[in-house]
Amino acid sequence: MVFKFAQAFISKYREHFKIREGAEKWMLDMAGLATLSDMVPLLGENRAIAYFGLKVLRKSPRPGLQKLLAELRLEQKYLTEDDVSFMLAPRLNAASRMDDPARAYEVLTTENETEAGTLAGHLSKINDERKIIVAGIMREVKKNFTRREMREVVVVGNPNWRVGVLGLVAGKISEEYERPVFVWGRDENETLRGSCRSDGSVSVVELMTEAKDSFLEFGGHELAGGFGVLTDQVHLLEEKLCLSYQKVKRKVSPEENFYDVKCDLGSVSMKNWREVERLAPFGLRNPKPVFLFEGVRVEGVKKFGKNGSGEHLEIIFKDASKNTAKAVAFFASADSFQAPLVPGALVNLLATFDLSRFRGREELRLRIADVCYPNNENAE
């Protein structure tokens, strides 16, 4: 909205304020950053803003952006939509979750190199603190789940939980337990507030609308939202939302193991990667193409991660034609998929292309979407 306003303003007052031709194009870095950081369909004008926004981001002279990229060891000229969504955006969002939203504005607008470096370091620090807090809440949630029934809609909360991180918690629970999730805490005004995420089966806004008498306020879109809940209603909320779930229109689940193209590991080439990249940037409603590699053998499994954490996997696969390919799975274990990843296992692999430029070394690999048994009919 701000970018469209700026476009219209410049168009009307260009001559009056002597604004140079094309000046608004250099604002696309921020418009692109916002679009790629949000859960909006990358279609139509959104796609155009994201596409050209990335081009400007790769050349942007903003000191704060450059310092953030340096913190992340990302080369600006190769910045991708994944870098923005999974690395830049979380650090900028950490400002509002853990500190003051102004810190994110300041790092993107400062022209002072020293201040930019200080702000970028601060955002990285509080983002690490945010991860620790979320991990702690998730441990508490999982402990709670061992003692309770899992219903169609999950509501969980604690007045001591930090409200700013609850959207992340809700997203993690929804992804792992595959159902809509509402998580609440208590804010600085002693009001019970929270965030909700959908697993894609139903709109959280429709759920809340159906149970509106339980809320002080609510809003959002189909997949994510926020709410304030009445104190005397919070412990009845799960029951009411489960009743809502039975009333609202639900979506039919897509085929479990969807893929776009069936091929062998010999197809993992820079030539094919360049063809796929012509469809980028990828995101909501424009997902990365998923490739099915049938009957591939797990040759080796290795763990890796920051400071030896072992939170990620690197796997070598080989097909019947002796083609091999490296694949990675982030924040996953050998048992995270339908078929376990053990050396010697014969599996069907569902994956997307992934070009790594870690430490300046270019390497084409696969990013695992799922792994299943070769005789699994759902993978056909």
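The values are calculated or read from the model by the stated rules, or taken from the named source; none is laboratory data. What you are looking at is a predicted structure, and each value in this text was computed from that prediction instead of being measured. Because the Cβ atoms are built from the backbone with ideal geometry, glycine has one as well, and the counts that use them run over all protein chains shown.
Please go through segment 25-58 and give me each residue that is crowded, with 18+ Cβ neighbours inside 10 Å, of a type in the set (D, E, K, R) and free of Cβ contacts under 8 Å to residues at least 40 places away in the same chain, ordered by number.
29
Answer yes if at least one residue in segment 59-66 is surrounded by fewer than 21 Cβ atoms within 10 Å (Cβ to Cβ), assigned to a helix (DSSP H, G or I) and among the basic types (Lys, Arg), and no otherwise.
Step one: list which residues in segment 59-66 are surrounded by fewer than 21 Cβ atoms within 10 Å (Cβ to Cβ), which gives 59, 61-62, 66.
Filter once more, so that each one left must be assigned to a helix (DSSP H, G or I): 66.
Adding the requirement that they be among the basic types (Lys, Arg) leaves none.
No.
Only one of (1) surrounded by 19 or more Cβ atoms within 10 Å (Cβ to Cβ); (2) not in a strand (DSSP E or B) fails for residue 156. Which number is that?
(2)
Answer with yes or no whether residue 375 is out of contact with any strand residue (DSSP E or B) (no Cβ under 7 Å at 6 or more places or on another chain) and not small (Gly, Ala, Ser). Walk me through it before giving the result.
On the way: out of contact with any strand residue (DSSP E or B) (no Cβ under 7 Å at 6 or more places or on another chain): yes; not small (Gly, Ala, Ser): yes.
Answer is yes for this residue.
Condition first: more than 18 Å from residue 239 (Cα to Cα) and in contact with a helix residue (DSSP H, G or I) (Cβ under 9 Å, 6 or more places away or on another chain). Can you find one or more residues in segment 152-162 that meet it?
Going residue by residue through segment 152-162, those that are more than 18 Å from residue 239 (Cα to Cα) are 159-162.
Next cut, in contact with a helix residue (DSSP H, G or I) (Cβ under 9 Å, 6 or more places away or on another chain) only: 161-162.
Yes: segment 152-162 contains one or more residues that are more than 18 Å from residue 239 (Cα to Cα) and in contact with a helix residue (DSSP H, G or I) (Cβ under 9 Å, 6 or more places away or on another chain).
Of the conditions (1) charged (D, E, K, R); (2) over 30 Å from residue 32 (Cβ atoms); (3) part of a helix (DSSP H, G or I), residue 250 satisfies every one except a single condition; which number is it?
Among (1) charged (D, E, K, R); (2) over 30 Å from residue 32 (Cβ atoms); (3) part of a helix (DSSP H, G or I), residue 250 violates only (3).
Residues checked against (1) modelled with pLDDT under 95; (2) surrounded by fewer than 18 Cβ atoms within 10 Å (Cβ to Cβ):
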| residue | (1), (2) |
| --- | --- |
| 249 | yes, yes |
| 268 | no, no |
| 280 | no, yes |
| 289 | no, yes |
| 296 | no, no |
| 299 | no, yes |
| 313 | no, no |
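Is it the case that segment 86-104 has a residue that's on the phi < 0 side of the Ramachandran plot, among the acidic types (Asp, Glu), in a helix (DSSP H, G or I) and modelled with pLDDT of 95 or more?
From segment 86-104, those on the phi < 0 side of the Ramachandran plot are 86-104; that's our starting set.
Pick out the ones that are also among the acidic types (Asp, Glu) and you get 99-100.
From what is left, the residues that are in a helix (DSSP H, G or I) are none.
Looking for residues that are on the phi < 0 side of the Ramachandran plot, among the acidic types (Asp, Glu), in a helix (DSSP H, G or I) and modelled with pLDDT of 95 or more, one finds none in segment 86-104, hence no.
Among the numbered criteria (1) over 16 Å from residue 283 (Cα atoms); (2) in a loop (DSSP other than H, G, I, E, B), which single criterion is violated by residue 27?
Looking at each condition in turn, residue 27 falls short on (2).
Would you mind telling me which numbered condition in (1) out of contact with any Phe, Trp or Tyr (no Cβ under 8 Å at 6 or more places or on another chain); (2) in a loop (DSSP other than H, G, I, E, B); (3) without any contact (Cβ under 8 Å) to a residue 60 or more places away in the chain; (4) surrounded by 11 or more Cβ atoms within 10 Å (Cβ to Cβ) residue 19 fails?
The failed condition is (1).
Determine which single condition residue 133 fails, assuming it passes every other condition in (1) touching a residue at least 40 places away in the same chain (Cβ under 8 Å); (2) touching a helix residue (DSSP H, G or I) at 6+ places or on another chain (Cβ under 7 Å).
(1)
Please work out if residue 308 is at pLDDT 95 or above and surrounded by fewer than 16 Cβ atoms within 10 Å (Cβ to Cβ).
Details: at pLDDT 95 or above: no; surrounded by fewer than 16 Cβ atoms within 10 Å (Cβ to Cβ): yes.
Judged against the criteria, residue 308 is not a match.
Given the criterion at negative phi, of a type outside the set (Asp, Glu) and in the same structural domain as residue 362 (by TED's automatic domain parsing), identify the matching residue among 274, 285.
Values: 285 fails: at negative phi.
Among 274, 285, only 274 is at negative phi, of a type outside the set (Asp, Glu) and in the same structural domain as residue 362 (by TED's automatic domain parsing).
Can you name the residue in segment 327-351 that is out of contact with any Leu (no Cβ under 7 Å at 6 or more places or on another chain) and in a strand (DSSP E or B) and, of all such residues, is nearest to residue 73 (Cα to Cα)?
349
In this structure, is residue 120 within 22 Å of the chain's Cα centre (by Cα), in a helix (DSSP H, G or I) and under 29 Å from residue 180 (Cβ atoms)? Steps first, answer last, please.
Details: within 22 Å of the chain's Cα centre (by Cα): yes; in a helix (DSSP H, G or I): yes; under 29 Å from residue 180 (Cβ atoms): no.
It is false that residue 120 is within 22 Å of the chain's Cα centre (by Cα), in a helix (DSSP H, G or I) and under 29 Å from residue 180 (Cβ atoms).
Checking the condition touching a Ser or Thr at 6+ places or on another chain (Cβ under 7 Å) and within 18 Å of residue 166 (Cβ to Cβ), which residue from 116, 89, 95 passes?
89
Test of understanding: among 175, 111, 152, which residue is modelled with pLDDT of 95 or more, in the same structural domain as residue 233 (by TED's automatic domain parsing) and of a type in the set (Asp, Glu)?
Numbers: 175 fails: modelled with pLDDT of 95 or more; 111 fails: in the same structural domain as residue 233 (by TED's automatic domain parsing).
Only one candidate passes the filter, namely 152.
Report yes if residue 236 is within 20 Å of residue 152 (Cβ to Cβ), in contact (Cβ under 8 Å) with a residue 24 or more places away in the chain and not β-branched (Val, Ile, Thr), otherwise no. Talk me through it step by step, then tell me what you get.
Working: within 20 Å of residue 152 (Cβ to Cβ): yes; in contact (Cβ under 8 Å) with a residue 24 or more places away in the chain: no; not β-branched (Val, Ile, Thr): yes.
No, not satisfied.
For segment 188-201, check the following and say yes or no: at least one residue is in contact with a Ser or Thr (Cβ under 7 Å, 6 or more places away or on another chain), assigned to a helix (DSSP H, G or I) and of a type in the set (A, V, I, L, M).
Looking through segment 188-201, none of the residues is in contact with a Ser or Thr (Cβ under 7 Å, 6 or more places away or on another chain), assigned to a helix (DSSP H, G or I) and of a type in the set (A, V, I, L, M).
Answer yes if at least one residue in segment 182-205 is touching a residue at least 60 places away in the same chain (Cβ under 8 Å) and either out of contact with any Lys or Arg (no Cβ under 7 Å at 6 or more places or on another chain) or surrounded by fewer than 21 Cβ atoms within 10 Å (Cβ to Cβ) (or both), and no otherwise.
Of segment 182-205, the ones touching a residue at least 60 places away in the same chain (Cβ under 8 Å) are none.
Scanning segment 182-205, I find no residue that is touching a residue at least 60 places away in the same chain (Cβ under 8 Å) and either out of contact with any Lys or Arg (no Cβ under 7 Å at 6 or more places or on another chain) or surrounded by fewer than 21 Cβ atoms within 10 Å (Cβ to Cβ) (or both), so the answer is no.
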